[in-house]
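For reference, the structure is listed below as structure tokens.
The values are calculated or read from the model by the stated rules, or taken from the named source; none is laboratory data. None of these values were measured; they are calculated from a predicted model. Reconstructed Cβ throughout: ideal geometry from the backbone, glycine too, with neighbour counts over all protein chains shown. These accessible areas exclude ligands, DNA and RNA; they are computed on the full protein's heavy atoms, side chains included. Shrake-Rupley method; radii C 1.70, N 1.55, O 1.52, S 1.80 Å.
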Amino acid sequence: MSNLQLNPNITPFARQENRVTPDDIRKQYGLEKVYQLSQNENPLGPSPKVVEAINSIAPTLSYYPNYSDIELRQAIVESLGRNGLTPEYIYTGCSGFESLELMGRGFLQVDDEVIVSSPSFVGAYKKIALPLGAKVVDVPLVPETWAYRVDAVLDAITDKTKLIMVCNPNNPTGTVMPQEQMNALMDGVPEHVLVVSDEVYWHFVEDESYPDSIQYVLDGKNIVLIHSFSKAYGLAGIRLGYGIAKPEIADYIAGLHRGFHQNKLNIAAGVAAAKDQEYLQYAVDYLRTEQKWVTEQFDRLDIKYWKPSANFILFETKLTAEDLTQRMRERGILLRPQTRNDMEYGMRISLGTREANEAFIKALEEILSSLDK
């Protein structure tokens with residue numbers, strides 16, 4: 001770059017490129033219909049009230065949004081319905097990822113350490129830490145059960161540890177870290193460490209052992225919870241998320257916001273979504289029903305899978321993930337192989353509509369039957 005002086009403390013990642021899209025598959029294989037079951041999206045889309053709110057705000061887009069996001073934070077607090085929780089405990093981000101990224105900017109310096117536990121959403125966590133010169137320390141989950149190793153994580157803490165990343169429910173395994181383990185982690189971390197509980201799939205959890213993480217916040221613990229409007233609310237295209245933390249942490253992170261941090265569409269969509277809890281419950285119930293149906297089909301076909309607590313399922317077949325990915329694409333099904341998580345046979349399916357899920361099972365049966373011939 002000629003004589004330009006780059007920042008030696010920043011290591012950028014490569015420019016992001018598009019993943020394979022449904023249109024790519026349609027064109028490549030001449031298909032009329034392609035089902036995208038790879039992104040953990042809500043196939044039902046957002047609440048009609050969200051669409052109405054976006055349409056109503058669109059004519060005013062020539063004017064700046066409100067400088068504060070207080071209306072959105074108030075709606076979020078009301079949707080959570082917890083006594084003692086106020087807007088001062090919330091900071092918003094343009095996606096759950098930015099809600100995480102803001103913490104990196106606020107708490108990480110060169111040579112600081114971030115503890116992660118693979119397989120998890122480690123790629124995103126690395127993207128938060130590594131460009132800032134921080135180091136990522138991996139304390140893997142227990143193979144096969146994907147249990148969190150609390151003692152090993154606590155043993156890995158040093159004077160340089162700043163963040164501990166917990167993904168709960170975990171992506172891509174769909175498993176849950178229970179209350180007992182979360183209590184042990186929170187009781188064991190020293191004061192200089194901040195626990196980050198990435199809980200963007202929490203709406204789908206039915207497991208009674210799932211932690212009451214908001215209580216840790218209300219008790220003044222050093223923890224930040226990450227929530228998103230991308231999953232259950234069906235607003236992945238808006239890019240809207242938020243963090244929950246004790247006010248001194250939430251205020252500090254919010255102080256990193258640029259001016260007019262949230263645009264008008266984000267605020268209108270987020271407020272409308274948060275207020276329509278009836279639609280949210282409808283979407284959650286629908287996907288829980290589909291989860292049950294797909295796992296019943298897996299049982300029928302003798303497919304290995306892990307009991308899910310999210311809107312996706314991790315499973316394995318006798319085919320490698322790369323092979324199955326290709327065969328599924330030829331049949332108009334997009335899944336997410338888990339080779340980047342060192343799972344040669346691991347595959348993740350996002351729950352879709354019944355039509356999409358039936359198309360997936362039909363394709364899977366065809367592929368497996370062809371192997372026996």
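For the reader, a short list of remarks on this structure follows.
- Along each principal axis, Cα extent of the chain, largest first, Å: 63, 57, 54
- Heavy atoms of E278: accessible area, 1.4 Å probe, square angstrom to 10: 150 Å²
- Global dimensions of the stretch 121-209 from alpha-carbon coordinates: Rg and Dmax equal 13.1, 39 Å.
- Farthest toward positive dipole pole in the stretch 224-279 [+1 Lys/Arg, -1 Asp/Glu at C-beta], among A268, Y279, I244: A268
- Selection from A152, L185, A58, by position along the positive dipole direction of the chain (Cβ): A58
- Principal-axis analysis of the Cα atoms of the chain puts helix 70-80 at an angle of about 60° to the longest axis.
- Principal axes of the stretch 272-354: Cα extent on each, largest first, Å: 43, 27, 25
- Inter-part distance where the stretch 60-108 and the stretch 271-331 are each reduced to a Cα centre, Å: 29 Å
- Against the criterion of solvent-accessible heavy-atom surface with a 1.4 angstrom probe, D112, D138 sort, most first, into D138, D112.
- Under-5 Å amide H pairs with S117, H placed in peptide plane, nonlocal only: V139
- Lys, Arg +1 and Asp, Glu -1 on Cβ, resulting dipole of the stretch 296-373 about Cα centre, debye, nearest 20: 180 debye
- Alpha-carbon centroids, the stretch 195-246 and the stretch 338-373: separation in whole Å: 29 Å
- In this structure the chain gives 48 Å² per residue of accessible area when probed at 1.4 Å with all protein chains present.
- Backbone amide hydrogens, once placed in the peptide plane, bring V224 within less than 5 Å of V195, V196, S197, excluding anything fewer than 5 places away on its chain.
- Under conditions of 20 °C and 1.002 mPa s, the stretch 30-152 yields 114 µm² s⁻¹ as its translational diffusion coefficient, taking Rh as the Kirkwood radius over Cα pairs in the Stokes-Einstein equation.
- Degrees separating the helix 321-330 axis from the principal Cα axis of the chain, which is the longest one: 70 degrees
- Helix 48-57 vs. the chain, principal-axis angle (Cα, 0 to 90°, nearest 10): 50 degrees
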